[in-house]
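S.K.: One structure follows; several queries about it will come next.
The values are calculated or read from the model by the stated rules, or taken from the named source; none is laboratory data. Quick caveat: nothing in here was measured; it's all calculated off a predicted structure. Please note: Cβ atoms are built from the backbone with ideal geometry, for glycine as well, and neighbour counts cover all protein chains shown.
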Amino acid sequence: MEHSPRWARFRWAQEEALADAQSRLARMESGLVSLQQKVDALTGRVDALTGRVDAQAHLMTETADRIGQLANGLGELTRQLDQVAQGLHEVRSSGPWRWFLRLRRFRQECLHETWAQRRSYLRGAAAQSSDREPAPPPPPVEVTLPEASATEVSMPAPAPDVPFEQRVDVPFEQRVDAFLDRVAGDPAIERFVVMFSSTVHLRPDVGNRPNRITETLIKQGVPVIYSYWRWFDTEPIPVDEHPLLLQSPVDKTVAMMERIARHPLGGKQRVFIASIPHLACARWVNVFNASGWVTLYECRDDWDGFYRAGAAPWYQRCVEGYLVNNCDATLCTARALQDKMRQMGPGRTVVLSPNALDPGFVSAENQGRTAPRDGDPIIGYFGHLSPQWFDWGILTEAARCEPTWRFELIGRDAPERLELPPNICLLGPRTPTEINEIARSWRVGLIPFKMGPLSDAVDPIKVYEYLALGLPVVSLRMAQIAGYPYVLQASDAQQLTEQLAVAMRLPLDRQVIDAFLESNRWEDRVQQLLALADASREADPLKGVMAGLSA
Amino acid sequence: MRILYLVPPSLSDHDAARLGLRLSWLAANRGASPHVGFLSPPDREAAWPAGIQVHLLTEPWELGTLLNECPFNLIVVVDWHRPYLLFEQANPPVAIIHEMIANRDLETVLDLLGDPPMDAMVIQSPYLHSMLAAHFNKRAPVPVCLVPPCVPTDTFRPGSVQVPAQRRIVLWSGSPERRGWLDFVPLADELARGHDDCEFWVIGGQSISDQAGSHLLRQVDGTLTLKHRFRWIQQFDYWRLPSLLALVSGSGGLVLATGQEDSLAPIVEALACGCPVMAPRQRDYEQALGGQLAAGLYEPDAVQDATAVFGRMLDERGLRLDLAAAGRRLVEARYDLNMVARAYLEFLVKCACEPPSAC
């Protein structure tokens with residue numbers, strides 16, 4: 001059948017419309033798929049956001065609960081604080097307290113003791129000094145150090161009529177700022193030292209190296225921020241009545257490192273001493289360098305050995321290596337440590353700086369004396385008695401071999417349930433005054449430390465003190481002190497008795513001892529330290545940035 | 001025009017200084033009044049330039065009080081997201097701009113952009129711009145302005161520092177993140193092997209944890225050559241950077257950027273001071289270091305290529321001089337503070353005066 005042209009056009013138009021509709025339908029289907037995908041994606045995102053909202057809501061509920069608990073706790077603390085304040089008020093208004101204040105003022109105004117003398121007086125309760133870490137700190141107590149006399153220091157002493165409790169209320173950060181500003185403004189001060197130590201705060205009964213160096217620096221008019229270790233940030237901070245000393249607990253020191261490092265301190269020489277390979281020292285050492293400070297690392301123990309023995313879990317060898325390679329110089333207390341540090345930092349400045357003697361240790365009666373060369377065979381020891389260090393086995397064996405000899409041991413931390421022969425006498429802890437008295441009858445000083453790499457890296461302070469008391473010394477093998485005058489060494493119990501027998505009869509020349517001690521005082525170590533600091537000035541390119549900037 | 005910048009407490013001192021430069025320019029040149037607000041105490045003290053008011057708004061209602069007492073024309077949220085939670089309550093009647101000064105938290109930003117609480121965005125990096133375009137199918141849901149890092153070219157300029165250095169300093173100045181160090185240390189160790197006279201210095205990283213710091217030192221200690229020639233300066237005064245960069249270029253060293261670095265700012269600062277820069281051929285580096293400066297590019301993960309580029313840049317004095325001049329020209333042309341801040345101000349004015357969609 002023939003279709004008319006009109007029909008053909010109509011059909012063509014219909015087909016055109018159909019194709020167009022099909023095309024639109026296909027596009028719409030495609031769009032629908034796309035829309036569906038977007039809806040799915042949005043649904044997923046909504047789910048995720050809903051989950052996060054739920055989590056936030058949960059968190060907010062928990063936070064609100066916690067805030068409620070804290071508010072209750074705060075109320076309780078406030079109540080307790082009120083009670084303490086009331087108690088304090090009662091104490092301050094009591095008669096004994098007023099008498100105490102009068103007595104204190106009388107001492108400050110009338111006795112005119114130097115700080116060192118009064119510190120020496122306070123040291124009446126001191127135990128034996130040692131270069132080892134002290135025993136765990138005793139319960140926290142406020143320590144008041146006596147003030148310096150006006151002739152010793154150029155900085156103004158704090159007003160004597162201000163009780164230290166009032167100054168404790170000043171925020172610690174403000175005390176640090178005030179200390180730094182005071183040092184910066186005093187034209188008589190040429191240097192300033194930050195001692196980053198791992199030991200407890202300065203106490204009369206603790207006489208390890210950082211303490212001694214700090215005390216000596218202060219005696220020489222160098223102000224020191226002494227950073228000490230504390231286990232809890234609730235432990236009270238000692239109030240330093242000496243104007244050249246500010247003691248800072250480690251947590252506060254670390255928090256204020258930036259402020260300290262950046263303080264210009266009036267262009268004075270600034271020295272940072274890391275007396276422990278602490279990560280904080282590694283993190284800040286180059287900030288100190290970049291700020292123009294002299295940086296020193298003081299290696300005073302074989303920390304790596306302690307770590308391997310399980311005694312220093314905090315130690316990281318990489319931190320110590322980094323300090324040796326980034327400080328201006330490293331001071332080592334023993335040759336073994338010096339060799340080790342030189343390996344860690346080839347080409348770096350690594351010097352030997354053994355421990356030394358505090359001349360104040362020896363009483364006036366014992367000045368210039370030598371131990372008796374005849375009479376009762378008494379051998380003495382003072383120091384830690386902990387079995388980690390002290391070789392009880394060898395000593396007991398030696399004592400049994402020589403029952404006529406008497407071994408007098410002074411110190412704490414002796415192990416319980418010791419089965420000792422009767423000729424070993426434990427005298428307990430004694431003050432330096434008592435030690436000076438007791439040691440007058442000794443013929444030999446003993447150092448029976450367990451032998452090994454740890455003791456090879458030790459330079460015991462007591463060897464200087466024995467010699468100052470005029471005693472020859474017998475030790476178990478200890479590499480650092482092998483060449484010291486009148487020091488004999490043994491490796492076992494038999495050798496120990498042999499060497500003790502020799503030492504008891506050894507003729508002593510006091511001049512030889514004095515010549516040795518003359519160059520082994522803490523003053524000598526401080527002198528060496530400061531000379532190193534002088535030599536280190538601007539040798540470091542990083543310090544050159546500072547110099548370049550100022551130029 | 002009053003502008004309130006809400007900045008995160010963890011803002012690094014260098015980022016704060018860079019932001020402060022622009023704010024200072026705004027305050028000095030066009031009479032704008034920038035304010036900086038912290039919603040919690042800043043982690044470290046930052047010295048904001050004169051003319052900028054700093055507010056510590058530790059309680060949520062303090063923001064509302066500030067907005068009521070001191071009507072702002074704009075709020076700029078810098079690199080964090082907490083302010084948006086407060087805006088839901090405060091509902092400030094002004095345009096809000098989100099400014100990214102680093103590419104951190106990119107995923108969170110993309111989440112936010114799903115239902116954007118802000119009216120516009122400011123980003124520093126062309127790489128981020130392209131990422132946003134790709135994510136949102138060529139068009140981000142809010143207007144985006146690219147404000148590259150910039151330096152005052154009169155302060156950051158080539159100089160010389162007289163130092164007793166016998167070694168060449170290779171400086172890595174980048175974002176202090178552990179992942180960046182993971183990339184840096186092995187590469188630097190490899191480069192150090194052939195050049196005994198080089199020291200490798202890293203600046204930045206004060207905010208990282210002790211754990212991350214230990215990790216870095218352990219990683220360095222485990223290398224053959226780097227452990228005796230490595231320095232980490234975790235905090236360095238921004239305004240002494242020109243001096244440090246002069247030391248680096250003067251000693252014959254260069255600035256090394258690693259593939260994990262997201263910000264161009266350290267590179268721009270180095271180029272401004274005439275310091276040669278070496279970087280992997282990726283991300284923003286390829287776009288920024290064009291022309292002559294491309295001599296400092298190396299193929300990512302190709303140690304041999306990196307070593308060759310390193311040796312050439314250290315040893316060819318002529319090349320170093322050419323690169324120093326080219327770098328300086330590039331900074332003057334594209335990263336000068338005056339030029340960048342002017343464009344930035346125009347964008348801010350537009351956002352404050354016109355509907356955000358027109359930005």
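S.K.: In segment B:258-270, is there at least one residue being part of a strand (DSSP E or B) and either away from chain A (no Cβ under 14 Å) or buried (at least 18 other Cβ atoms within 10 Å of the Cβ) (or both)?
M.R.: Our first condition is that a residue be part of a strand (DSSP E or B); within segment B:258-270, this holds for none.
There is no residue in segment B:258-270 that is part of a strand (DSSP E or B) and either away from chain A (no Cβ under 14 Å) or buried (at least 18 other Cβ atoms within 10 Å of the Cβ) (or both).
S.K.: Could you tell me whether segment A:446-456 includes any residue that is assigned to a strand (DSSP E or B), under 20 Å from A:Asn208 (Cβ atoms) and not aliphatic (A, V, I, L, M)? Can you show your working first?
M.R.: In the first step, residues of segment A:446-456 are kept if they are assigned to a strand (DSSP E or B); the result is A:446-447, A:449.
Filter once more, so that each one left must be under 20 Å from A:Asn208 (Cβ atoms): A:447, A:449.
Now drop any that are not not aliphatic (A, V, I, L, M), which leaves A:449.
Yes, the conditions are met somewhere in segment A:446-456.
S.K.: Related question: Of all residues in segment A:238-260, count the ones that are over 19 Å from A:Val183 (Cβ atoms) and either of a type in the set (Val, Ile, Thr) or within 14 Å of chain B (Cβ to nearest Cβ) (or both).
M.R.: Qualifying residue count for the region: 4.
S.K.: I've got another one for you. Test A:Val222 against the stated conditions and say whether it is within 20 Å of A:Leu202 (Cα to Cα) and not in a loop (DSSP other than H, G, I, E, B).
M.R.: Here the answer is no, as A:Val222 does not meet what is asked.
S.K.: Let me ask you something else. Which condition number in (1) assigned to a helix (DSSP H, G or I); (2) in contact (Cβ under 8 Å) with a residue 24 or more places away in the chain; (3) of a type in the set (Gly, Ala, Ser) is the one that B:Gly252 fails?
M.R.: Against the list (1) assigned to a helix (DSSP H, G or I); (2) in contact (Cβ under 8 Å) with a residue 24 or more places away in the chain; (3) of a type in the set (Gly, Ala, Ser), B:Gly252 comes up short only on (1).
S.K.: So B:Leu74 ticks every box in (1) at pLDDT 85 or above; (2) under 20 Å from the mean Cα position of the chain (by Cα) but one. Which box is left unticked?
M.R.: (2)
S.K.: Would you call A:Asp456 within 14 Å of another protein chain (Cβ to nearest Cβ) and more than 15 Å from A:Ala356 (Cβ to Cβ)? Can you show your working first?
M.R.: Values: within 14 Å of another protein chain (Cβ to nearest Cβ): no; more than 15 Å from A:Ala356 (Cβ to Cβ): yes.
Here the answer is no, as A:Asp456 does not meet what is asked.
S.K.: Residue by residue through segment B:214-238, note down the ones that are modelled with pLDDT under 90 and of a type in the set (A, V, I, L, M).
M.R.: B:Leu224
S.K.: To continue, here is another question. Tell me which of these A:Thr333 doesn't satisfy, since it passes every other one: (1) surrounded by 24 or more Cβ atoms within 10 Å (Cβ to Cβ); (2) away from every other protein chain (no Cβ under 14 Å); (3) touching a helix residue (DSSP H, G or I) at 6+ places or on another chain (Cβ under 6 Å).
M.R.: Every condition holds for A:Thr333 apart from (3).
S.K.: Take A:Ala535 and decide whether it is within 23 Å of A:Asp301 (Cα to Cα) and either not in a helix (DSSP H, G or I) or not assigned by TED's automatic domain parsing to the domain that holds A:Gln388 (or both). Talk me through it step by step, then tell me what you get.
M.R.: Numbers: within 23 Å of A:Asp301 (Cα to Cα): no; either not in a helix (DSSP H, G or I) or not assigned by TED's automatic domain parsing to the domain that holds A:Gln388 (or both): yes.
No.
S.K.: So, in segment B:100-127, exactly how many residues are in contact (Cβ under 8 Å) with a residue 60 or more places away in the chain and under 22 Å from the mean Cα position of the chain (by Cα)?
M.R.: Step one: list which residues in segment B:100-127 are in contact (Cβ under 8 Å) with a residue 60 or more places away in the chain, which gives B:101-104, B:119-120, B:122, B:124-127.
Remaining after also requiring under 22 Å from the mean Cα position of the chain (by Cα): B:101-104, B:120, B:122, B:124-127.
Matching residues across segment B:100-127 total 10.
S.K.: Among the residues of segment A:385-407, are any at pLDDT 95 or above and under 24 Å from A:Arg521 (Cβ atoms)?
M.R.: No, segment A:385-407 has no match at all.
S.K.: Can we say B:Ile203 is in contact with a Gly (Cβ under 9 Å, 6 or more places away or on another chain) and either touching a residue at least 40 places away in the same chain (Cβ under 8 Å) or more than 14 Å from chain A (Cβ to nearest Cβ) (or both)?
M.R.: On the way: in contact with a Gly (Cβ under 9 Å, 6 or more places away or on another chain): yes; either touching a residue at least 40 places away in the same chain (Cβ under 8 Å) or more than 14 Å from chain A (Cβ to nearest Cβ) (or both): yes.
Yes; evaluated as a whole, the condition is true for this residue.
S.K.: Any idea which of B:Ala324, B:Ala343, B:Ala308 is out of contact with any Leu (no Cβ under 8 Å at 6 or more places or on another chain), touching a residue at least 12 places away in the same chain (Cβ under 8 Å) and farther than 30 Å from B:Ile75 by Cβ? Outline the logic, then answer.
M.R.: On the way: B:Ala343 fails: farther than 30 Å from B:Ile75 by Cβ; B:Ala308 fails: touching a residue at least 12 places away in the same chain (Cβ under 8 Å).
Of the residues listed, the single one that is out of contact with any Leu (no Cβ under 8 Å at 6 or more places or on another chain), touching a residue at least 12 places away in the same chain (Cβ under 8 Å) and farther than 30 Å from B:Ile75 by Cβ is B:Ala324.
S.K.: Ok, one more. Working only within segment A:323-342, note down all residues that are outside any strand (DSSP E or B) and within 20 Å of the chain's Cα centre (by Cα). Give the derivation first.
M.R.: Taking segment A:323-342 as the starting set, the residues that turn out to be outside any strand (DSSP E or B) are A:323-328, A:333-342.
A:Leu323, A:Val324, A:Asn326, A:Cys327, A:Asp328, A:Thr333, A:Ala334, A:Leu337, A:Met341 - these are the residues of segment A:323-342 that are outside any strand (DSSP E or B) and within 20 Å of the chain's Cα centre (by Cα).
S.K.: When you go through (1) under 30 Å from A:Ser536 (Cα atoms); (2) outside any loop (DSSP other than H, G, I, E, B) one by one for A:Glu397, which number turns out not to apply?
M.R.: Every listed condition holds for A:Glu397 apart from (1).
S.K.: Also, I was wondering about something else. If you take the residues in segment A:339-387 that are out of contact with any strand residue (DSSP E or B) (no Cβ under 6 Å at 6 or more places or on another chain) and within 14 Å of chain B (Cβ to nearest Cβ), which one is surrounded by the fewest Cβ atoms within 10 Å (Cβ to Cβ)?
M.R.: A:Gly347
S.K.: Please enumerate the residues belonging to segment A:188-219 that are over 30 Å from A:Ala312 (Cα atoms), in contact (Cβ under 8 Å) with a residue 40 or more places away in the chain and part of a loop (DSSP other than H, G, I, E, B).
M.R.: A:Ile189, A:Glu190
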